[in-house]
Amino acid sequence: MSQRGLLIVLSGPSGVGKGTVRKALFENKDTAYEYSISMTTRQMREGEVDGVDYFFRSRKEFEALITAGKMLEHAEYVGNYYGTPLDYVNKTLDEGKDVFLEIEVQGAMKVKEKMPDGIFIFLTPPDFSELKARIIGRGTDDMAVINERMVVAKSEVEMMRHYDYAVVNDKVELAVDRIKKIIESEHYKVSHVIDYYEKMLEEM
Ligand code: 5GP
């Protein structure tokens with residue numbers, strides 16, 4: 001009998017580098033967590049592949065899945081839906097594998113309500129000038145949009161109190177390393193293994 005896997009939720013403010021850290025984590029072939037591919041209604045970017053980067057769906061299809069209760073969480077972010085398909089998460093956890101979500105903060109809070117046993121990791125910028133540089137660095141927005149994103153990012157940083165861990169993203173490799181350590185030690189928690197041992201005792 002194997003234990004149920006851990007649900008790991010990586011979140012944090014816009015522009016903090018969640019996607020980059022997550023990709024670096026999964027580039028390593030030894031990574032044993034299963035990445036839950038999100039669904040989105042946004043346009044596919046160059047180089048992205050449906051079913052790899054996201055499941056790209058129409059608003060109509062997405063809304064039908066919400067209505068059918070098929071999403072663990074969803075959020076509207078910059079005019080598009082983003083969400084986590086529920087069946088994959090449950091099935092993979094039941095198989096004893098860890099599931100990794102990389103999602104924005106509203107969605108993470110919804111996951112926390114539904115699955116409070118998850119491990120909630122908040123990625124933080126080393127400082128605000130760095131965050132601003134990253135938001136500007138995307139190069140596609142005018143100053144008003146940049147300022148608006150900064151206001152949003154600041155209020156998102158305040159969400160940190162709802163998380164279990166804060167990981168500074170000063171360097172991608174360091175952030176990846178910190179996340180791996182957190183997940184490893186979570187596996188040793190008595191709360192994670194107790195059911196397994198109790199079952200063994202019953203069977204003795
Ligand atoms: P992007 O459009 O740049 O790929 O992602 C925009 C934001 O959506 C990022 O902050 C990313 O973490 C978040 N995101 C990606 N997938 C999901 C999801 O399934 N649910 C939620 N709530 N946010 C997501």
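The values are calculated or read from the model by the stated rules, or taken from the named source; none is laboratory data. Not measured: the values here are computed from a predicted model. Cβ atoms come from the backbone with ideal geometry, glycine included; neighbour counts cover every protein chain shown. These area figures cover heavy atoms from the full protein model, side chains too; ligands, DNA and RNA do not enter into them. Shrake-Rupley method; radii C 1.70, N 1.55, O 1.52, S 1.80 Å.
Structure summary
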| read-out | value |
| --- | --- |
| Spin-label pair K60/E158, simplified geometry with 7 Å Cα→Cβ offset, distance in nm | 4.0 |
| F26 versus Y196: modelled label distance in nm, points set 7 Å from Cα along the beta carbon direction | 2.5 |
| Amide H partners (placed H, <5 Å) of L72, local residues excluded | T84, L86 |
| Shape call, the range 122-171: gyration tensor on alpha carbons, a/c limit 1.5 | oblate |
| 29 Å Cα-Cα reach of K29 towards lysines, excluding residues that sit fewer than 8 places from it in its own chain | K18, K91, K97, K112, K171, K180, K181, K189 |
| For the chain, the spread of Cα positions along each principal axis, largest first, Å | 67, 39, 31 |
| Phi to ³J(HN,Hα) by Karplus 6.51 cos²θ - 1.76 cosθ + 1.60 over the range 126-137, Hz, x for Gly, Pro | x, 7, 6, 5, 5, 4, 4, 4, 5, 5, 5, x |
| Computed helical MRE - 222 nm, the chain, DSSP H runs ≥ 4 contributing -39500 (n - 2.57), nearest 500 | -14000 deg cm²/dmol |
| Estimated vicinal HN-Hα couplings, Hz - the range 14-25 in sequence order (Karplus 6.51, -1.76, 1.60; Gly, Pro = x) | 4, x, 7, x, 4, x, 5, 5, 4, 5, 5, 4 |
| ³J(HN,Hα) computed for each position of the range 183-194 - Karplus, 6.51 cos²θ - 1.76 cosθ + 1.60, integer Hz, glycine/proline x | 5, 4, 5, 4, 5, 8, 5, 4, 4, 7, 9, 4 |
| Carbon plus sulfur fraction of accessible area for the range 7-203, probe 1.4 Å, in percent | 53 |
| Relative contact order of the chain, pairs being alpha-carbon contacts under 8 Å that are 6 or more residues apart, as % | 32 |
| Share antiparallel - DSSP beta bridges, the range 1-136, percent rounded to 5 | 40 |
| Distant-in-sequence amide H partners of G12 (H built 1.01 Å from N, under 5 Å) | V105, L123 |
| FRET efficiency, 1/(1 + (r/R0)^6) with R0 22 Å, evaluated for K171 and V78 via beta carbons | 0.20 |
| Residues of the chain: accessible area per residue with a 1.4 Å probe, Å² | 57 |
| Spatial separation of Cα centroids for the range 12-87 and the range 158-184, in angstrom | 20 |
| Under-5 Å amide H pairs with S38, H placed in peptide plane, nonlocal only | F55 |
| Residues I37 and S129, FRET efficiency given R0 of 35 Å [Cβ-Cβ distance, rounded to 0.05] | 0.60 |
| Net charge, E102 excluded, C-beta distance under 11 Å - Lys, Arg +1, Asp, Glu -1 | +2 |
